[in-house]
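Take a look at the structure set out below.
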Amino acid sequence: MARSHRKIRRSAEEKARLQAIRDQFQTARPSLDELVDSGDYSEPVKHGATLDAMHIASLLKQARIEAQLSLSEVAQRCGLDRSAICRLENGLYDNTTINTLSRLAGAYKKRFLVQLVDEN
């Protein structure tokens, strides 16, 4: 299945703000230590965490398909925005709460379960 992404629409002010950040970075060329000290750097996400998030996204989409529900129907059932559900299902949402996942599971008449397993 091909993945398609919608073009991000930004206002002129947002485009200017982002360009200013790029220009500043290109001019200053800060080191990693300088970025960390400035607070403008956040830790990279480990590959395993990314794979886990993608797996959850896949499970959410599969549950919706099995329940034969549209995004709009799920949004109505759980009170989330249709576009937010779409982003979750495509792994494009990086700060999902357990509450949100539980609400989605409830919309599919399922329960969200978290397990801790030993690392391989």
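Rule-based calculations on the coordinates, nothing more; no lab input. Source: prediction; values computed, not measured. With ideal geometry, Cβ positions are generated from the backbone for all residues, glycine too; neighbour counts draw on all protein chains shown.
Straight-line reach from LYS7: which lysines fall under 21 Å, measuring Cα to Cα and dropping same-chain residues less than 8 apart?
LYS15
For the chain, what's the relative contact order in percent, using C-alpha pairs closer than 8 Å and at least 6 residues apart? Please list the in-between numbers first.
Details: 46 pairs, mean separation 22.3, N = 120.
Relative contact order for the chain comes out at 19 percent.
At what distance in angstrom do the alpha carbon centres of region 47-91 and region 22-42 lie from each other?
Measuring centre to centre over Cα atoms gives 35 Å.
With +1 assigned to the C-beta of every Lys and Arg and -1 to the C-beta of every Asp and Glu, and no other charges, what is the dipole magnitude of the chain about the Cα centre in debye, to the nearest 20? Write out the running numbers ahead of the final one.
Values: 19 positive and 16 negative charges, 190 e Å.
Charge dipole, the chain, about its Cα centre: 920 debye, nearest 20.
If the chain were replaced by its equivalent ellipsoid, with semi-axes equal to the square roots of 5 times the Cα gyration tensor eigenvalues, what would those be, largest first, whole Å?
Values: eigenvalues 233, 88, 30 Å².
Equivalent ellipsoid of the chain: 34, 21, 12 Å, largest first.
Please give me, ordered by residue number, the trypsin sites (Lys or Arg not before Pro) of region 1-101 that lie in loop per DSSP and have at most 10 other Cβ atoms within 10 Å. List each step's numbers first, then the result.
On the way: sites: ARG3, ARG6, LYS7, ARG9, ARG10, LYS15, ARG17, ARG22, LYS46, LYS61, ARG64, ARG77, ARG82, ARG87; in loops: ARG3, ARG6, LYS7, ARG9, ARG10, LYS46.
Listed in order of number, the matching sites are ARG3, ARG6, LYS7, ARG9, LYS46.
Apply 1/(1 + (r/R0)^6) to the Cβ-Cβ distance of ARG77 and ILE98, taking R0 = 22 Å, and write down the FRET efficiency to the nearest 0.05.
E(calc), rounded to 0.05, equals 0.75.
Over region 48-107, what is the mean sequence separation of C-alpha contacts under 8 Å (at least six apart), divided by residue count, expressed as relative contact order in percent? Working shown, then result.
Numbers: 35 pairs, mean separation 23.0, N = 60.
In percent, rounded to a whole number, it is 38.
Sort THR50, THR96, THR27 so the one with the fewest other Cβ atoms within 10 Å of its own Cβ comes first. Write out the running numbers ahead of the final one.
Numbers: THR50 13, THR96 16, THR27 8.
So the ranking, lowest neighbour count to highest, is THR27, THR50, THR96.
Starting from the Cα of LYS61, draw a straight line to each of the lysines and keep only those under 20 Å, dropping any in the same chain fewer than 8 residues away.
The qualifying lysines are LYS109, LYS110.
Between ALA16 and ALA67, what is the FRET efficiency for a Förster distance of 41 Å, r being their Cβ-Cβ separation, to the nearest 0.05? It would help to have the intermediate numbers written out before the result.
On the way: r = 44 Å, r/R0 = 1.07.
Once the sixth-power term is evaluated, E becomes 0.40.
If the viscosity is 0.692 mPa s and the temperature 37 °C, what translational diffusion coefficient in µm²/s does Stokes-Einstein give for region 52-99 when Rh comes from Kirkwood over Cα pairs? If you can, show how the numbers build up before the last one.
On the way: Rh = 10.8 Å.
Value of D from the Cα-based Kirkwood radius: 305 µm²/s.
List every residue whose amide H lies under 5 Å from the amide H of TYR108, counting only residues 5 or more places away in sequence or on a different chain, with H placed 1.01 Å from N in the peptide plane.
none
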